[in-house]
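> Okay, handing you the structure first.
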Amino acid sequence: MTVERPSTASSKPETADDAFEEELQAEHGLGRAIIIGVLVAVPINVGVWVGLVAFAVSRSGSALGGPIAMAVGVGVLSGLFFGSWAAFVAKTHLFEELDRKVDPTARSSGADAPDSSGRSSNR
């Protein structure tokens with residue numbers, strides 16, 4: 001009779017250090033934010049584009065099928081863009097904080113950055 005022993009291997013991979021773990025968490029948060037942003041933005045953009053095209057085409061009296069299909073396609077593409085953009089804007093601060101932890105001497109804005117002579121341009 002053989003006895004199987006439970007595996008001691010963790011299902012979660014080990015990370016080298018805490019900074020790497022924080023970076024992974026920030027990236028996963030960004031991924032979730034992108035998915036949520038796209039899921040919210042696509043229907044809104046499709047509705048806006050279909051409404052605009054339907055209004056414009058209905059006034060001309062031509063067929064609605066082709067223009068509405070194009071409006072749906074443009075709405076999906078613009079929803080993908082704006083949903084992703086909104087997620088990146090919303091999560092940028094996490095990556096800025098990670099950069100500050102890695103290099104605390106780095107400045108966050110270029111306002112006080114020295115010019116080629118080594119002096120700050122706003123002094």
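> Of all the residues that make up the stretch 68-96, how many are hydrophobic (A, V, I, L, M, F, W, C) and in contact with a Pro (Cβ under 8 Å, 6 or more places away or on another chain)? Let's see the steps before the verdict.
Narrowing the stretch 68-96 to residues hydrophobic (A, V, I, L, M, F, W, C): 68-72, 74, 76-77, 80-82, 85-90, 94-95.
Next, from what is left, pick out any that are in contact with a Pro (Cβ under 8 Å, 6 or more places away or on another chain): none.
So the answer is 0.
> Okay, next question. Applying the selection to the stretch 45-72, what residues are surrounded by 13 or more Cβ atoms within 10 Å (Cβ to Cβ) and within 23 Å of Gly83 (Cα to Cα)?
Asn45, Val46, Gly47, Val48, Trp49, Val50, Leu52, Val53, Ile68, Met70, Ala71, Val72
> Something else now. Being closer than 24 Å to Ala26 by Cα, crowded, with 16+ Cβ neighbours inside 10 Å, at pLDDT 95 or above and not hydrophobic (A, V, I, L, M, F, W, C): is that true of Gly83 here? Explain how you work it out, then say what you get.
Numbers: closer than 24 Å to Ala26 by Cα: yes; crowded, with 16+ Cβ neighbours inside 10 Å: yes; at pLDDT 95 or above: yes; not hydrophobic (A, V, I, L, M, F, W, C): yes.
Yes; evaluated as a whole, the condition is true for this residue.
> What is the one condition in (1) part of a helix (DSSP H, G or I); (2) surrounded by fewer than 11 Cβ atoms within 10 Å (Cβ to Cβ); (3) at pLDDT below 90 that Gly110 does not satisfy?
It fails just one condition, (1).
> Working carefully through the options Val42, Val38, find the one that is modelled with pLDDT of 90 or more and in contact with a Ser or Thr (Cβ under 7 Å, 6 or more places away or on another chain). Working first, answer last.
On the way: Val42 fails: in contact with a Ser or Thr (Cβ under 7 Å, 6 or more places away or on another chain).
Result of the check over Val42, Val38: Val38.
The values are calculated or read from the model by the stated rules, or taken from the named source; none is laboratory data. Here the structure is a predicted model, which means the values were calculated and not measured. Positions of Cβ are backbone-derived with ideal geometry, glycine not excepted, and every protein chain shown enters the neighbour counts.
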